[in-house]
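Enquirer: Got a structure for you, written out below as structure tokens; questions coming shortly.
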Ligand SMILES: C[S@@+](CC[C@H](N)C(=O)[O-])C[C@H]1O[C@@H](n2cnc3c(N)ncnc32)[C@H](O)[C@@H]1O
């Protein structure tokens, strides 16, 4: 089913035509599956879609999580390919992303492995090495335990902390995998970031002013990002997709790249539209591709339900 623009009410999507500060989108025969408020979703293979829809250098931030080739039960996509085929494909995705990424753009690639095959993320990163500089490696922490005795004298920490969820495992060989990678690739490794856009307050306020660079109560969070999944009570209706990331993940990636440097966001494997929601939150236009219509339908519902998205978008700063 293609949702026509007429079905979408009178809201005016962001104008993504050629102008000095808006990247131009190719005139193409490819019809969007859904389009609203600057979000444009295509039911298309991302390699074909990027080629058909996006001009060279037109995207400033790519945030995505591809299939990991670990046998996840997707609706349509078969997540078990011969390893070398899969890595060759990932390499082609990297080359396609480089074409559409602006020279100072950021490509955030979220990948995890399995306990039995922990090399997958590193093998993908190695394939991307031919095409990109690895500017940062961010660790998405899903669960963390901090005993009070190790936290030191922070007065906000009253006792032992253990936050976040994971599915407990059997056997004795492995530790629970409570982390995934977010590789930050750029063309030349020299993209300026807005670190404090995802900064955290100082625990020890006496640090403020002590160093020249610490003039306000905000410091770099570093490359370990604790991002728990949003709590849900009905997986079927609230997260009908086997491997999503939380909205905060793409939101933080876009913010750390810098909102004033972001004209257009892309997720080549958009799933149920989490990156589109994050883009709406920070008021940036977003393009997404997925091969699965059921996921795109859910993505469109989530975008429609996103209440604060009704104003026209621009290059404004984020909402929170
Ligand atoms: C890990 S999931 C992404 C989930 C997404 N981050 C979210 O939060 O909803 C990977 C997605 O890639 C899609 N996919 C698989 N092959 C694709 C292709 N060639 N082009 C575009 N999407 C594809 C799958 O249908 C799946 O939804």
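Each reported figure results from applying straightforward, stated rules to the coordinates on display, with no laboratory input. All values derive from a computational prediction rather than experimental measurement. Here the Cβ is made from the backbone with ideal geometry for all residues, glycine too, and neighbour counts use every protein chain on show.
Enquirer: State the Kirkwood hydrodynamic radius of region 76-215 in Å, one decimal place, computed from all pairs of distinct Cα atoms. Spell out each step's value before the answer.
Expert: Numbers: mean 1/r = 0.0538 Å⁻¹.
Answer for region 76-215: a Kirkwood hydrodynamic radius of 18.6 Å.
Enquirer: Once fully extended, how much extra length lies between residue 207 and residue 178, figured as 0.36 nm per residue of separation less the alpha-carbon to alpha-carbon distance? Kindly include the intermediate steps, with their values, before the conclusion.
Expert: Details: separation 29, 0.36 × 29 = 10.44 nm, distance 3.09 nm.
Full-extension gain reported as 7.4 nm.
Enquirer: Could you grab the Rg to Rh ratio for region 23-133? Cα atoms only, Kirkwood for Rh.
Expert: Details: Rg = 15.0 Å, Rh = 15.3 Å.
Rg divided by Rh gives 0.98.
Enquirer: Taking the highest mean first, how do the peptides 293-301, 271-279, 125-133 order by number of other beta carbon atoms within 10 angstrom per residue? If you can, show how the numbers build up before the last one.
Expert: Numbers: 293-301: 20.1, 271-279: 27.1, 125-133: 16.7.
With the highest mean Cβ count within 10 Å placed first, the list reads 271-279, 293-301, 125-133.
Enquirer: Report relative contact order for region 104-176 in percent, whole number only (criteria: Cα-Cα under 8 Å, sequence separation at least 6). Let's see the in-between values first.
Expert: Numbers: 42 pairs, mean separation 14.8, N = 73.
Relative contact order, region 104-176: 20 percent.
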